[in-house]
Amino acid sequence: MCGIVGYIGSQDSKEILLKGLEKLEYRGYDSAGIAVMNDNGVQVFKEKGRIADLRNIVDEDVMANTGIGHTRWATHGVPSKVNAHPHQSTSGRFTLVHNGVIENYDILKREYLQGVTLKSDTDTEIIVQLIDLFVNEGSTTEEAFRKTLTLLKGSYALALLDVENNETIFVAKNKSPLLVGLGETFNVVASDAMAMLQVTDQYVELMDKEIVIVTKNEVKIQNLNGDDISRDPYTAELDASDIEKGTYPHYMLKEIDEQPLVMRKIIQKYQNDRGDLTIDQEIVDAMNDADRIYIIAAGTSYHAGLVGKQFIEKMAKVPVEVHISSEFGYNMPLLSEKPLFIFISQSGETADSRGVLVNVKEMGHKALTITNVQGSTLSREADYTLLLYAGPEIAVASTKAYTAQIAVLSILAEVTAKSRGIDLDFNLVQELGIVANAMEVLCDAKEEFEEISRKFLSTTRNAFFIGRGIDFYVGLEGALKLKEISYIQAEGFAGGELKHGTIALIENGTPVIALATQESVNLSIRGNVKEVVARGANPCIISMKGLETEEDSFIIPEVNGLLTPLISVIPLQLISYYAALHRECDVDKPRNLAKSVTVE
Ligand code: M6R
């Protein structure tokens, strides 16, 4: 949450910062700002709203070779111009952008800043005021920065300007992601390599509690004690076109359409020369050493985990529990003797999941991260990583990462099963290939989904998704998709659970979207549909070929029964997309949300 950029070099920094912020807008978009510094001092431009609003107020005539920028997802203080970053110390000497949450900001305010009148409600302002205070007491900027960092409790990625040293950006990080990008005659700072791909593909990862002194020709990394650290850069393997919308009106639609391609890429990446699916032996051994798997994730990734549990239990016969990371953090169940933790996270940065990872690592347990972002925090800190190969997912609503997570989990289950001598009665490579083709059929049926969306969702205030077994889990994901982008109140329920309470909510015309892709529960879910119809519901049944009846609204192509979530979710993604579009919602940047949730 929140995105940071910085530039120091010989070009004018404004446009580089603004372009960078546009690429980071997925991280938060309630307000934004930049500060640029030249021989005449620092100028700050900030505005409530989007980067486009910020662009409108930036003075074109100001030229400056150094600058920092920020796009915000509010934690402390409402979204407003005053609370937008950058924040400045009262003297105006220091200017700071921050991503993260300072947990002890109130204590620090009381202890050190009694006499200081704060302008904003943010935790960030405390940091910049503390630095100023320590400099006034005689410290150099570097010393004051270091001293301040030792006082902070919580998470931070910081970039600081000192008006009396316009050749340097001071940078630090703890728990929140931050990278330094390298150029020939410049250096940059960014929360995500995507932001600065416009100027460089060479990046240095920063670790927690590191400080970096960035000038145009040098990047000096130190720990909090001042010891120098050397680290090689890596090449960010991102294609600039991956992060553009191209001809699509929204990233979400582009990412939905990319799903067949992602399936094929996953098959290819996980296949060996003989055409068999394969993963690192270390991971297979860890799966086999475990007496129970604990899947930890949030949101859509949690929903993928629920499907993954079915795969691992049914194919590899290892018991699995799936937990919401924010709950697991403080309500840990009694663990088995030899647990293996699997963290599922598109971004690899979700703070709730990371909190659990740190905890279980301290307890001495092994952890595997399944993520889309190589080098992300969760990937670095786990023992093993499996990548999704889905390409950057920019829309806040996760689509292709969900199906990629499910595909990778199916491969993990299959490879583990085989290593345990369990014979499966299907060939997963072939089945995933069939899935990819079926996905294409569904992506080509957009007009039908637009029509379904119009028919069932155009005026409703609420909607229910029902299913049994694996369909129930997909229903949960469908409900999340619909609510997060269209703001229609939507809930997913297990079909059999309806009459234990929820059915009381059914009124004349309430849309109930039912998934019927599982032969074993086909009759039962259709019975549940009859129950809601008898109470006035407007049913939209999405079934699978072979199980269809005349009353169904859409029939998806037939795929292996275990793999149906990979395709039954696509109609739900698309009807949510069109519902949001019909309601003129901001599809890619829904209100109050951010793509990567880096605060707990
Ligand atoms: O990056 P992660 O997969 O860890 O993110 C977890 C959730 O925040 C994320 O899936 C969220 O629920 C999506 N916006 C849903 O579309």
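The values are calculated or read from the model by the stated rules, or taken from the named source; none is laboratory data. All values derive from a computational prediction rather than experimental measurement. Methodologically, a virtual Cβ is constructed for each residue, glycine included, from the backbone with ideal geometry; neighbour enumeration extends over all protein chains shown. Side chains included, ligands, DNA and RNA excluded: accessible areas come from the protein's heavy atoms. Shrake-Rupley method; radii C 1.70, N 1.55, O 1.52, S 1.80 Å.
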Inset, instruction - Confirm whether VAL320 is within 16 Å of the ligand (Cβ to nearest atom), aliphatic (A, V, I, L, M) and out of contact with any Leu (no Cβ under 8 Å at 6 or more places or on another chain). - result: no
Inset, instruction - Among the candidates VAL189, VAL204, single out the residue that is buried (at least 17 other Cβ atoms within 10 Å of the Cβ), hydrophobic (A, V, I, L, M, F, W, C), closer than 27 Å to SER353 by Cα and without any contact (Cβ under 8 Å) to a residue 40 or more places away in the chain. - result: VAL204
Inset, instruction - For the range 508-528, state whether one or more residues are crowded, with 19+ Cβ neighbours inside 10 Å, outside the structural domain of LYS400 (by TED's automatic domain parsing) and of a type in the set (D, E, K, R). - result: yes
Inset, instruction - Would you be able to tell me the number of residues in the range 516-546 that are within 15 Å of VAL569 (Cα to Cα) and touching a residue at least 40 places away in the same chain (Cβ under 8 Å)? - result: 4
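Each row is one residue, and each column tells you yes or no for (1) open to solvent by less than 10 Å² (accessible area, probe 1.4 Å); (2) hydroxyl-bearing (Ser, Thr, Tyr); (3) within 26 Å of the chain's Cα centre (by Cα); (4) within 23 Å of LEU179 (Cβ to Cβ).
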residue: PRO86; (1), (2), (3), (4): yes, no, yes, yes
residue: GLU103; (1), (2), (3), (4): no, no, yes, no
residue: THR122; (1), (2), (3), (4): yes, yes, yes, no
residue: LYS147; (1), (2), (3), (4): no, no, no, no
Inset, instruction - Name the single residue, out of those in the range 295-317 being among the hydrophobic types (A, V, I, L, M, F, W, C) and under 14 Å from the mean Cα position of the chain (by Cα), that is farthest from the ligand (Cβ to nearest atom). - result: ALA304
Inset, instruction - For the range 370-381, indicate whether the set of residues that are modelled with pLDDT of 95 or more and either away from the ligand (no atom under 15 Å from the Cβ) or on the phi > 0 side of the Ramachandran plot (or both) is non-empty. - result: no
Legend entry - Number of the exception - LYS400 against (1) of a type in the set (Lys, Arg); (2) surrounded by fewer than 19 Cβ atoms within 10 Å (Cβ to Cβ); (3) under 30 Å from GLU25 (Cβ atoms): (2)
Legend entry - the range 1-23: number of residues that are more than 24 Å from LYS595 (Cα to Cα) and either among the small types (Gly, Ala, Ser) or assigned to a helix (DSSP H, G or I) (or both): 4
Inset, instruction - Any residue in the range 348-367 that's in contact (Cβ under 8 Å) with a residue 40 or more places away in the chain and under 18 Å from TYR156 (Cβ atoms): show its pairings with residues that are within 11 Å of the ligand (Cβ to nearest atom) and open to solvent by 30 Å² or more (accessible area, probe 1.4 Å) at Cβ separation under 6 Å, as long as the two are six or more apart or on different chains. - result: THR350/ALA298; THR350/VAL597; ASP352/ALA298; ASP352/SER326
Legend entry - Pick from the range 400-416, criterion within 13 Å of the ligand (Cβ to nearest atom) and not hydrophobic (A, V, I, L, M, F, W, C), ranking: farthest from ALA290 (Cα to Cα): LYS400
Legend entry - Close pairs from the range 292-305: first farther than 14 Å from LEU378 by Cβ and among the hydroxyl-bearing types (Ser, Thr, Tyr), partner within 6 Å of the ligand (Cβ to nearest atom) and open to solvent by less than 10 Å² (accessible area, probe 1.4 Å), Cβ under 9 Å, at least 6 apart: THR300/ALA397
Legend entry - Within the range 324-351, considering residues that are crowded, with 24+ Cβ neighbours inside 10 Å and over 19 Å from the mean Cα position of the chain (by Cα), the one nearest to the ligand (Cβ to nearest atom): PHE341
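Residue-wise test of (1) part of a helix (DSSP H, G or I); (2) touching a strand residue (DSSP E or B) at 6+ places or on another chain (Cβ under 7 Å).
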residue	(1), (2)
GLU414	yes, yes
LEU424	no, no
GLU448	yes, yes
ALA463	no, yes
Inset, instruction - For THR459, work out the one condition from (1) farther than 15 Å from VAL569 by Cα; (2) modelled with pLDDT of 95 or more it doesn't fulfil. - result: (2)
Inset, instruction - May I ask you to say which residue of GLU447, GLU451, GLU477, GLU484 is surrounded by fewer than 23 Cβ atoms within 10 Å (Cβ to Cβ), within 16 Å of the ligand (Cβ to nearest atom) and of a type in the set (Asp, Glu)? - result: GLU484
Legend entry - Unmet criterion (only one of (1) open to solvent by less than 10 Å² (accessible area, probe 1.4 Å); (2) without any contact (Cβ under 8 Å) to a residue 40 or more places away in the chain) for PHE311: (2)
Legend entry - Identity of the residue in the range 547-600, within 16 Å of the ligand (Cβ to nearest atom) and without any contact (Cβ under 8 Å) to a residue 40 or more places away in the chain, that ends up most open to solvent (accessible area, probe 1.4 Å): ASN592
Inset, instruction - State all residues of the range 352-381 that are β-branched (Val, Ile, Thr), open to solvent by less than 10 Å² (accessible area, probe 1.4 Å) and either closer than 24 Å to LYS595 by Cα or in the same structural domain as SER155 (by TED's automatic domain parsing) (or both); if no residue qualifies, say none. - result: VAL356, THR369, ILE370, THR371, THR377
Legend entry - Residue in the range 220-234 that is within 19 Å of LYS19 (Cα to Cα) and buried (at least 16 other Cβ atoms within 10 Å of the Cβ) present: no
Inset, instruction - Have a look at LEU424, LEU457, LEU432 and point out the one that is surrounded by 21 or more Cβ atoms within 10 Å (Cβ to Cβ), more than 25 Å from GLU484 (Cβ to Cβ) and in contact with a helix residue (DSSP H, G or I) (Cβ under 8 Å, 6 or more places away or on another chain). - result: LEU432
Legend entry - The listed residue being touching a residue at least 12 places away in the same chain (Cβ under 8 Å) and over 24 Å from LYS209 (Cβ atoms), out of VAL101, VAL97, VAL5, VAL36: VAL36
